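Student: Have a look at this one.
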Amino acid sequence: MSNDLIQHPEMSAVARILGIYIQSLPAGTPIGIKDLVKQLPLGETSIANGLRELVAFGYLERSLESLPGGRIVTRTVSFNHPRAAAVSRPNRSPAPPTRDPRTSTKHPRAGRRARATARADLRAGPSRRAVVERDVILWLLNHLSTFLLGVVLVGGFVALAIGGSLAARRRFPHLAGGEHNEMVGVALGMFGAIYGIILAFVVVTLWTQLENTQTIVASEATDLALVVRSAEVFPPAERARVDRAVGEYVHAVVEVQWPLMREGRPSYEATADQTHALYTALQAYEPVGARSETFYGEAAGRLNDVAAQRRARVTMAETSLPILLQVLVYGGAFVILPLTFLFGLRSLKMQLLFVSAVAGLIGFSLLLVMALDRPFAGDLSVSPAPYKEAALAQFWP
């Protein structure tokens with residue numbers, strides 16, 4: 001095991017831990033993301049980021065291979081010394097890498113362009129990564145379950161309401177007499193109605209957006225499956241070329257592009273090489289006969305649909321609630337909640353029950369908005385399962 005990996009000045013601690021763990025495994029051990037999650041106390045997102053760092057800095061190399069039975073697997077090779085060091089640091093002459101092959105069936109080759117993009121992201125330093133880290137909502141969705149997030153959010157609003165109500169009664173004891181209830185009731189009714197309409201509009205819009213995203217993902221997977229079905233009439237060599245291209249594409253979508261979308265960093269470049277390979281594989285075949293021409297035309301049409309759905313999927317991953325609506329939704333909650341402190345009831349228990357109910361409803365509504373606003377993050381996110389089903393299941397172990 002090399003000290004270059006253990007003491008690497010630019011890689012994160014997670015990446016170094018992953019590199020050390022992978023080098024300690026015997027050759028042939030599966031090292032897919034889900035396999036590593038079972039063995040290490042790290043989340044899928046952290047492991048995916050760490051593996052991308054290891055590839056970018058030259059400690060891992062991944063390539064797809066076709067087995068005799070037609071099954072596609074990924075061979076991952078671990079290096080004791082960074083193989084890409086000569087690229088990122090031209091003035092340094094690294095020692096020849098020591099190869100230690102370890103086969104994994106779950107990690108596709110991201111392609112030269114994807115690796116170059118990963119290296120650029122890493123060299124961008126804190127200035128670029130800080131943009132992602134500032135999205136607190138996205139971080140919470142990816143690191144906390146919806147139930148735990150609900151407990152924190154709803155519980156926080158209820159605690160704030162109870163504390164604020166007690167502080168208001170202590171500071172203004174005459175509020176318990178309800179002398180301002182008529183005015184406060186009118187204000188609460190007016191603001192509550194406006195806020196309720198805005199909130200309903202936002203929730204319906206975000207729910208529709210989530211359903212549209214699910215439809216886009218299902219349509220893209222269906223079109224890919226139909227490309228595979230249509231290629232069954234091609235000669236064996238041409239069919240194998242198309243199948244290989246489709247296999248590389250679905251692996252790149254699920255293993256490379258999906259984690260980026262989940263982190264709020266959608267990238268067209270993550271599957272650019274694989275998309276080009278799909279077109280190259282299909283364009284290399286010259287159909288002969290009416291039957292081949294018919295299915296070739298169907299495959300070409302479906303491939304164009306795949307490209308369109310890919311763009312739509314990435315676009316949906318980039319879409320979020322406009323800043324004005326975010327101000328209205330989140331700011332409105334902090335306008336209505338303090339108004340409840342001014343609505344006085346003689347019974348302290350009834351007062352606290354009233355403000356807690358309003359706070360709990362507001363907190364749950366904001367939880368729903370947060371979960372729906374990020375279609376690829378959290379427990380309610382869109383699943384990549386369609387890329388592993390039906391005709392596409394053959395590309396997965």
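The values are calculated or read from the model by the stated rules, or taken from the named source; none is laboratory data. Keep in mind that this is a model prediction, so the values were computed, not measured. No Cβ is skipped: glycine too gets one built from the backbone with ideal geometry, and neighbour counts run over all protein chains shown.
Student: Report the residue count in region 263-293 for those that are more than 26 Å from the chain's Cα centre (by Cα) and either buried (at least 17 other Cβ atoms within 10 Å of the Cβ) or more than 19 Å from Leu224 (Cβ to Cβ) (or both).
Tutor: Total meeting the criteria: 11.
Student: Check whether at least one residue in region 163-172 is touching a helix residue (DSSP H, G or I) at 6+ places or on another chain (Cβ under 8 Å), under 26 Å from Gln274 (Cα atoms) and either polar (S, T, N, Q) or not in a helix (DSSP H, G or I) (or both), and report yes or no.
Tutor: No: zero hits.
Student: Given the condition in contact with a Leu (Cβ under 7 Å, 6 or more places away or on another chain), among the polar types (S, T, N, Q) and at pLDDT below 90, answer yes or no: does some residue in region 285-302 qualify?
Tutor: The answer is no, given that none of the residues of region 285-302 is in contact with a Leu (Cβ under 7 Å, 6 or more places away or on another chain), among the polar types (S, T, N, Q) and at pLDDT below 90.
Student: Which members of region 206-221 meet the condition of being over 18 Å from the mean Cα position of the chain (by Cα) and either over 22 Å from Gly363 (Cα atoms) or surrounded by 14 or more Cβ atoms within 10 Å (Cβ to Cβ) (or both)?
Tutor: Of everything in region 206-221, just one residue is over 18 Å from the mean Cα position of the chain (by Cα) and either over 22 Å from Gly363 (Cα atoms) or surrounded by 14 or more Cβ atoms within 10 Å (Cβ to Cβ) (or both), namely Ser219.
Student: Going by the structure shown, is Leu175 in contact (Cβ under 8 Å) with a residue 40 or more places away in the chain, in a helix (DSSP H, G or I) and closer than 30 Å to Pro384 by Cβ?
Tutor: no
Per-residue answers, yes or no, for (1) among the β-branched types (Val, Ile, Thr); (2) modelled with pLDDT under 90:
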position	(1), (2)
Gln326	no, yes
Phe334	no, yes
Thr340	yes, yes
Ser356	no, no
Ala359	no, no
Gly363	no, no
Leu368	no, no
Pro384	no, no
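Student: A further question on this structure: Would you pick out the residues in region 296-311 that are of a type in the set (A, V, I, L, M, F, W, C), surrounded by fewer than 16 Cβ atoms within 10 Å (Cβ to Cβ) and in contact (Cβ under 8 Å) with a residue 24 or more places away in the chain?
Tutor: If the condition is that a residue be of a type in the set (A, V, I, L, M, F, W, C), surrounded by fewer than 16 Cβ atoms within 10 Å (Cβ to Cβ) and in contact (Cβ under 8 Å) with a residue 24 or more places away in the chain, then Ala307 is the only one that fits.
Student: Take the residues in region 29-67 that are part of a loop (DSSP other than H, G, I, E, B), modelled with pLDDT of 75 or more and not aliphatic (A, V, I, L, M), then tell me which one is surrounded by the most Cβ atoms within 10 Å (Cβ to Cβ).
Tutor: Across region 29-67, the extreme among qualifying residues is Tyr59.
Student: Still on this structure: Condition (residue is without any contact (Cβ under 8 Å) to a residue 40 or more places away in the chain and among the charged types (D, E, K, R)) applied to region 249-266: is it met by at least one residue?
Tutor: Looking through region 249-266, none of the residues is without any contact (Cβ under 8 Å) to a residue 40 or more places away in the chain and among the charged types (D, E, K, R).
Student: List pairs: first in region 74-89 and modelled with pLDDT under 75, second part of a strand (DSSP E or B) and aromatic (Phe, Trp, Tyr), Cβ under 7 Å, 6+ apart or cross-chain?
Tutor: none
Student: I need the full set of residues from region 227-263 which are under 16 Å from Ala390 (Cα atoms) and small (Gly, Ala, Ser), in order please.
Tutor: Passing the criteria: Ser230, Ala231, Gly247.
This table checks each residue for (1) more than 19 Å from Ser365 (Cα to Cα); (2) at pLDDT below 85; (3) not charged (D, E, K, R).
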| position | (1), (2), (3) |
| --- | --- |
| Val136 | no, yes, yes |
| Phe147 | no, no, yes |
| Val152 | no, no, yes |
| Ala161 | no, no, yes |
| Phe172 | yes, yes, yes |
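Student: Go through Ala385, Ala390, Ala371 for me and flag whichever is in contact (Cβ under 8 Å) with a residue 24 or more places away in the chain and closer than 19 Å to Arg310 by Cβ.
Tutor: Criteria check complete, one pass: Ala390.
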